[in-house]
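See below for the structure under consideration.
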Number of protein chains: 2
Amino acid sequence: MDIISGQVVKGMPLVKEGDDLASMIMERFALQDNDLVCIASTIVSKSEGRVRGLARYRPGPVALRLAGRLRSDPRFVQAVLEESREILIETPFLLTVTKFGHVGVNAGIDNSNAGPGRILLLPEDPMASAERIRIAMPEDCAVIVTDTCGRPFRCGVAGVAIGWAGIGAVRDWRGEFDLEGRALAITQEAIVDEIAAMANFLMGEGDDGTPVVIFRGLDYPKEGGRLFRPREMDVIRARLGDHRP
Amino acid sequence: MDIISGQVVKGMPLVKEGDDLASMIMERFALQDNDLVCIASTIVSKSEGRVRGLARYRPGPVALRLAGRLRSDPRFVQAVLEESREILIETPFLLTVTKFGHVGVNAGIDNSNAGPGRILLLPEDPMASAERIRIAMPEDCAVIVTDTCGRPFRCGVAGVAIGWAGIGAVRDWRGEFDLEGRALAITQEAIVDEIAAMANFLMGEGDDGTPVVIFRGLDYPKEGGRLFRPREMDVIRARLGDHRP
């Protein structure tokens, strides 16, 4: 029939450290082979104990300098630095590359969702998180860990994938360019981002309430491709200059 | 039940200038109120006669200069300039702002899909295109005209919306920043992009074959918001510098 379906998993409880997300999902949804399970990074992080008290951070000189310019809490800036391997933009907001390669404001740290004085870091290794959840499911499913990101040129945030397992990041496709402007013969469609975007839409506002979406009927490759653009392939990143602290 | 569905419209014929897309879709799919009809910009452009022969373009001095640096056909570069109101990047590829405000490589012109010596421009006014198609449908549907775009920081292309009608571009949401780094109290989720992304995934490779996807069961606002980021809100665009020809 070529009809695909998407459905939020109802009744997911609040997630805390140590919770088994795969079981929590399977208790509420009858998974089938080939289902694609999209999970908001917030609950993956919570299950992995990635909540931190700001008080534990000791701002170094870089954090103090940046926090002054940003008028931010230096402990929060220190947390961002500790989750990042590179700073792309220092002001008016911190855009960094996380240790696992994702580019996001404040290294994707959520300071609104973990209680006063507490922050929620992204999963340390979202690819491993996705795989861990996937293999805990007896069905042959794929898993995407989603986050929301702003974008240049376009207003608003949209869902993206930060980790995935059992699905390839990309599908071969047409016309991209390398830094020298050469059109690449074989290129890529970022299907995990496209699916994560729709999942984010279905999760709706306050994704803590419905942080899991299951798609059924999708035709996707099981593996292949990369998602985080390498520096040498990123014309716009190259023009942001070098902001290494 | 809160299950959403998505389906490609099968058997769409090749589209030519003057074709009535709404009728072509309705003949092949029983639309219902609230359905969301996603249509690839390629067929919208073709129906609007946006195929051009390269021979009609007379390259001016800017096109000649840029074409030399880009090693491109100066007539193609002239076409890009004529569709653009601003150049953001001159090399190694042309990133421009189209006259209707969308940022894309080569102003979104497709030089692989219209036959030898011919190019396919984006619709002149995709918002108007979407509305025209929408009002030709007796059901109360929404329409999104989709295109694919590369992105900084992330590999591959993904579907985005370039025109929409009967749906708001965004849904209010949390935490963005203005150019001074102030967090905005009310912000936006770019739902038309999120939906367009999934539509693009479902259209699959060679979107001329299945360029229409219908979603059913989505909960979306009927209006509101903007999608193309204004210059004064775009930190990254500001750092690309001024490349006005």
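Only the coordinates and a few stated rules stand behind these numbers; no lab work does. It should be emphasised that the depicted structure is a prediction, and the values quoted were computed from it without experimental measurement. Don't worry about glycine lacking a Cβ; one is built from the backbone with ideal geometry, like all the others, and counts go over all protein chains shown.
When each copy gets a label point 7 Å from Cα toward the beta-carbon at A:ASP33, what are the spacings between them in nm, shortest first?
4.2
Using the Cα gyration tensor of the protein assembly as shown, with a ≥ b ≥ c the square roots of its eigenvalues, what is the shape: rounded (a/c below 1.5), prolate (a/b larger than b/c) or oblate (neither)? Show your work: numbers first, answer last.
Numbers: a/c = 1.85, a/b = 1.21, b/c = 1.54.
It comes out oblate by the Cα gyration axes.
Tell me, what is the FRET efficiency for A:ALA238 and B:ASP125 to the nearest 0.05, using R0 = 51 angstrom and their Cβ-Cβ distance as r?
0.95
I'd like the FRET efficiency for B:GLU27 and A:LEU14, computed as 1/(1 + (r/R0)^6) with the beta carbon distance as r and R0 of 60 Å, rounded to 0.05.
On the way: r = 49 Å, r/R0 = 0.81.
FRET efficiency, B:GLU27 to A:LEU14: 0.75.
Considering Cα pairs under 8 angstrom that are at least six residues apart, work out the relative contact order of chain B and quote it in whole percent.
Relative contact order, chain B: 26 percent.
Sorted by average packing, counted as other Cβ atoms within 10 angstrom per residue and highest first, what order do A:70-78, B:111-119 take? Don't skip to the answer; put the middle values down first.
On the way: A:70-78: 19.0, B:111-119: 14.3.
Final packing ranking: A:70-78, B:111-119.
How big is D for segment B:1-127, in µm² s⁻¹ as a whole number, if Stokes-Einstein is applied with the Kirkwood radius of its Cα pairs at 37 °C and 0.692 mPa s? Each step should come with its number before you reach the end.
On the way: Rh = 16.4 Å.
For these conditions, the coefficient is 201 µm²/s.
Sorted by mean Cβ packing within 10 Å, highest first, what order do the peptides A:37-46, B:48-57, A:123-132, B:3-12 take? Mind showing how you got there, number by number?
Details: A:37-46: 26.5, B:48-57: 16.1, A:123-132: 20.2, B:3-12: 18.4.
Highest-to-lowest ranking by the protection proxy: A:37-46, A:123-132, B:3-12, B:48-57.
Other chains' Cβ within 10 Å of A:141-154 residues: what's the mean?
Going residue by residue through A:141-154 and averaging, the value is 5.
What average count of beta carbons from other chains do you get within 10 Å of the Cβ of residues in A:89-96? Let's see the in-between values first.
On the way: counts 3, 0, 4, 7, 9, 2, 4, 0.
Neighbouring Cβ atoms belonging to other protein chains average 4 per residue here.
Along Cα-to-Cβ, 7 Å out, sits the label point; list in nm, shortest first, how far the one on B:ARG56 is from those in the other copies.
6.4
If a/c stays under 1.5 just call it rounded; otherwise compare a/b with b/c (prolate if a/b is bigger, oblate if not). Do that for segment B:55-198, with a ≥ b ≥ c from the square roots of the Cα gyration tensor eigenvalues. Walk me through the numbers before you get to the answer.
Working: a/c = 2.39, a/b = 1.40, b/c = 1.71.
Judged from the Cα gyration tensor, segment B:55-198 comes out oblate (a/c at least 1.5, b/c at or above a/b).
What are the nm distances, shortest first, from B:GLY224 to its equivalents in the other copies, labels at 7 Å along Cα→Cβ?
Ordered by increasing distance: 4.0 nm.
Given the peptides B:24-34, A:157-167, arrange them by the average over their residues of other C-beta atoms within 10 Å, most packed first. Don't skip to the end; give the middle numbers.
Working: B:24-34: 14.9, A:157-167: 26.5.
Ranked by mean Cβ neighbours within 10 Å, highest first: A:157-167, B:24-34.
Grab the beta carbon distance between B:LYS222 and A:ILE3, set R0 = 30 Å, and tell me the FRET efficiency rounded to 0.05.
Working: r = 25 Å, r/R0 = 0.83.
Computed FRET efficiency for B:LYS222 and A:ILE3 comes out at 0.75.
Considering just Cα atoms, how many Å³ per residue does the convex hull of segment A:51-121 enclose? Could you put the intermediate results ahead of the total?
On the way: hull volume 5.5 nm³, N = 71.
Convex hull volume per residue, Cα atoms: 77 Å³.
Distance between Cα centroids, segment B:27-83 to segment A:1-61: provide it in whole Å.
Segment B:27-83 and segment A:1-61 have Cα centres spaced 42 Å from each other.
Out of residues 5 or more away from A:GLU86 or on other chains, whose amide H comes under 5 Å of its own, with H placed 1.01 Å from N in the peptide plane?
Residues meeting the amide H criterion: A:VAL97.
With the alpha-carbon atoms as the only input, what is the per residue convex hull volume for chain A in Å³?
Details: hull volume 32.1 nm³, N = 245.
Output value, Cα hull per residue: 131 Å³.
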